[in-house]
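Here the structure comes first, spelled out in structure tokens, and everything after it is commentary.
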Amino acid sequence: MTRLRERFEALLLDLDGTLYRGDAVIPGAPAALAASEGAQALVYVTNNASRSAGSVAAHLAELGFAATADDVVTSAQAGANILADRLAPGSTVLIVGSDDLAAEIDRVGLRAVRRFEGEAPAAVVQGHSPTTGWPDLAEAAYAVRAGALWVATNTDVTLPTERGLAPGNGAMVTALRVATDTEPVVAGKPYAPLLDDALTRAGTRSALVVGDRLDTDIDGAHCVGLESLLVLTGVSTFADLAKQPADRLPTYVSDSLDALNHPVVQDDPATLADGDVADQIAERLDRHPGRAIPVVP
């Protein structure tokens, strides 16, 4: 029988909560992807804008994944591309985030700054950094209120770590949204720009989105018209599945990334017509651990 991964030409893989949590690899994840090497394009797609593609690839390699910078697409890159499309070359962009985010802004021919001094910056770009503080948010608020275009690399309110869920970029975005009464343009999942960049990198639309979050990975797959696999190794849970609207359910659910290397379970797909789809998925996973359960709205 056809294994799940063989149905697609590319896998668009989330990182935090799907392959690792902080510095800790999710058990079995490297082996699961190693079995896919050569069969599909593996594109690592991260909403986290704090590190460069090269740094992300190096981290993946340390954890046992085969990855190069060319295999990684980040929300920092997607945010920089949005700004490059909308601003004149050399325009100033105020950075709320890491030096790697600032480097992406410089890469596309814009000028990264950290303070609103003199003429207002043309834009603000906001990405995750563990060192972001009140002074950074204040500078951004001044610029946004002065008319700067505001781009958020992502709006994930939590970030999976080896110790649990920490505040994500979305928590900081919420603070700035409240302070400015303004909505940002969002580059990352669940919006299209990041996944569109990943599809361009993969060179095909025959792609499966794989991730641990219903509100970013799975909603993002729906946004760009792709099938999806929710792995229950990170943020989203059965309780979250039970609350998910029918038109935003994943195509498949599994408790393990190794489900990619096995046929999809064929007996009695989980359907809303039969009651609580989350309970049905849980029962089928008990009978078929490590396999993908299809979800039929």
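Just so you know, all these numbers are worked out from the coordinates, no wet-lab data involved. Just so you know, these numbers come straight off a predicted model, no measurement behind them. Cβ placement follows ideal geometry from the backbone for every residue including glycine, while neighbour counts extend to all protein chains displayed.
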Original post:
When the Karplus curve 6.51 cos²θ - 1.76 cosθ + 1.60 is applied with θ = phi - 60°, which whole-Hz ³J(HN,Hα) does each residue of region 98-115 get, with x for Gly and Pro?
Top reply: 7, 5, 5, 5, 4, 5, 5, 5, 4, 4, 8, x, 9, 10, 7, 10, 10, 9
Subject >> Cut-off under 5 Å, modelled amide H: who pairs with residue 124 long-range >> reply: 94, 149, 150, 151
**OP:** May I ask you to evaluate 6.51 cos²θ - 1.76 cosθ + 1.60, the Karplus curve with θ = phi - 60°, for each residue of region 26-34 and list the ³J(HN,Hα) values in order in whole Hz, giving x for glycine and proline?
**Re:** 6, x, x, 5, x, 5, 4, 6, 4
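Under 10 Å from the Cβ of residue 23, count the other residues' Cβ atoms, weight Lys and Arg +1, Asp and Glu -1, and hand me the total. Could the numbers behind the result be given before it?
Numbers: positive: 21; negative: 62, 162.
The answer is -1.
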Original post:
Can you give the charge dipole size of the chain about its Cα centre, rounded to the nearest 20 debye, using +1 on the beta carbon of Lys and Arg and -1 on the beta carbon of Asp and Glu?
Top reply: 420
Original post:
If you build the Cα gyration tensor of region 69-176 and take the root of 5 times each eigenvalue, what three semi-axes come out, in whole angstrom, biggest first?
Top reply: 22, 18, 10
**OP:** Kindly state, to the nearest 0.05, the FRET efficiency for residue 240 paired with residue 162, given R0 = 30 Å and r defined as their beta-carbon distance.
**Re:** 0.90
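Could you pull out the longest piece of the chain with no exposed loop trypsin sites (Lys or Arg not before Pro) in it, calling a site exposed if DSSP puts it outside H, G, I, E, B and it has at most 15 other Cβ atoms within 10 Å?
Working: sites that count: 114, 115, 163, 205.
My reading of the result: 1-113 is the longest stretch.
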**OP:** Under a 10 Å cutoff between Cα atoms, tell me which one of 170, 22, 133 has the largest fluctuation in the Gaussian network model of the chain.
**Re:** 133
Subject >> Equivalent ellipsoid semi-axes, the chain, via Cα gyration tensor eigenvalues times 5, rooted, Å >> reply: 35, 20, 16
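Quick one: net charge of residue 150's neighbours, Cβ under 14 Å, K/R +1, D/E -1?
-1
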Subject >> Summed residue charge, Cβ within 14 Å of residue 172's Cβ, Lys/Arg positive, Asp/Glu negative >> reply: -2
Original post:
Which far-off residues, 5 or more places away or on another chain, put their amide H under 5 Å from the one on residue 111, with H placed in the peptide plane?
Top reply: 90, 91, 92, 93
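Efficiency by 1/(1 + (r/R0)^6): what FRET value for residue 287 and residue 248, r their Cβ-Cβ distance, R0 = 25 Å, to the nearest 0.05? It would help to have the intermediate numbers written out before the result.
On the way: r = 26 Å, r/R0 = 1.02.
The value I calculate is 0.45.
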